[in-house]
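Student: Please see the structure below; I have some questions.
Read-outs throughout are calculated quantities, based only on the coordinates presented, and are distinct from any laboratory measurement. Keep in mind that what you see is a predicted model, and the values were worked out from it rather than measured. Please note: Cβ atoms are built from the backbone with ideal geometry, for glycine as well, and neighbour counts cover all protein chains shown.
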Amino acid sequence: MKVYFAPQSRAVRTVWLLEEIGMDYELVRFSLGQKEMRSPEYTKVNPNGRVPTVVDGNVVITESTAIAQYLGAKYAPELTPNSDADNFATYLQWLNYAEGMIMPPINNYVVETILLPPERRNEEIAERSLKLLNRTLSAVEGHMDDREYIAGSFTVADTITGHAVIMSRRLGADFSERPNLIAYADRLESRNAFKAAEAV
């Protein structure tokens, strides 16, 4: 299993899940924005020049949620509810919530506050993105009432939407009246597999 990786990116989700599963993997490490990510060698593997990318034998997957679904289905069925499980629909909903709802405003906020040079940043877009991010987190806060993990027990969905919650807090989203999210993020960050993923 080869994983193309950069710190502080969605690739952390992939390594986190591999650590949860206990799988060996080979890490190909980039820095975000590194020119080698746009090299002909890498764009043959991932045409978008992004991370994560997983190569498992002849299988190449380049979308973090698809990678998580693949790894869960193939290597960790205990972390992937099957279709007749009571929490299957909840699992699907929240597995996909991060990319559909949380990550778009995060992406815009990061561009306007970190990636663009100061003279090109737009404060209005940044403020609007943070406001939208806070709104998307409200749904997660409500869902996490009386839950430790997003689909009951720990599942692949926690490595996706849970990771987005962690990143939201680190970026300065408003957690002041979100005790469920504070406890959830703390719980995830205390997991040994998460710590290992952050340390690579």
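Student: Given (1) crowded, with 22+ Cβ neighbours inside 10 Å; (2) under 21 Å from TRP16 (Cβ atoms); (3) not aliphatic (A, V, I, L, M), identify the lone condition not met by TYR109.
Tutor: Condition (2) is where TYR109 drops out.
Student: Which ones in the stretch 87-112 are farther than 30 Å from GLY172 by Cα and free of Cβ contacts under 8 Å to residues at least 12 places away in the same chain? Even if it seems obvious, please write down each step before you answer.
Tutor: Narrowing the stretch 87-112 to residues farther than 30 Å from GLY172 by Cα: 87-89.
PHE88, ALA89, listed by residue number.
Student: When the residues of the stretch 1-29 are narrowed to those that are touching a residue at least 40 places away in the same chain (Cβ under 8 Å), outside any loop (DSSP other than H, G, I, E, B) and among the aliphatic types (A, V, I, L, M), which ends up nearest to GLN69 (Cα to Cα)?
Tutor: LEU17
Student: Follow-up. I'm trying to understand the selection: among the residues of the stretch 70-85, which are surrounded by 13 or more Cβ atoms within 10 Å (Cβ to Cβ) and either of a type in the set (Ser, Thr, Tyr) or in contact with a Phe, Trp or Tyr (Cβ under 8 Å, 6 or more places away or on another chain) (or both)?
Tutor: Scanning the stretch 70-85 gives TYR70, TYR75, LEU79, THR80, PRO81, ALA85.
Student: Scan the stretch 30-69 residue by residue and report those that are under 15 Å from the mean Cα position of the chain (by Cα) and not in a strand (DSSP E or B).
Tutor: ARG50, VAL51, PRO52, THR62, GLU63, SER64, THR65, ALA66, ILE67, ALA68, GLN69 - these are the residues of the stretch 30-69 that are under 15 Å from the mean Cα position of the chain (by Cα) and not in a strand (DSSP E or B).
Student: Which members of the stretch 188-198 meet the condition of being in contact (Cβ under 8 Å) with a residue 24 or more places away in the chain, of a type outside the set (S, T, N, Q) and surrounded by fewer than 16 Cβ atoms within 10 Å (Cβ to Cβ)?
Tutor: The first filter runs over the stretch 188-198 and keeps only residues in contact (Cβ under 8 Å) with a residue 24 or more places away in the chain, leaving 188, 191-194, 196-198.
Okay, now just the ones that are also of a type outside the set (S, T, N, Q), so 188, 191, 193-194, 196-198.
Scanning the stretch 188-198 gives ALA196, GLU198.
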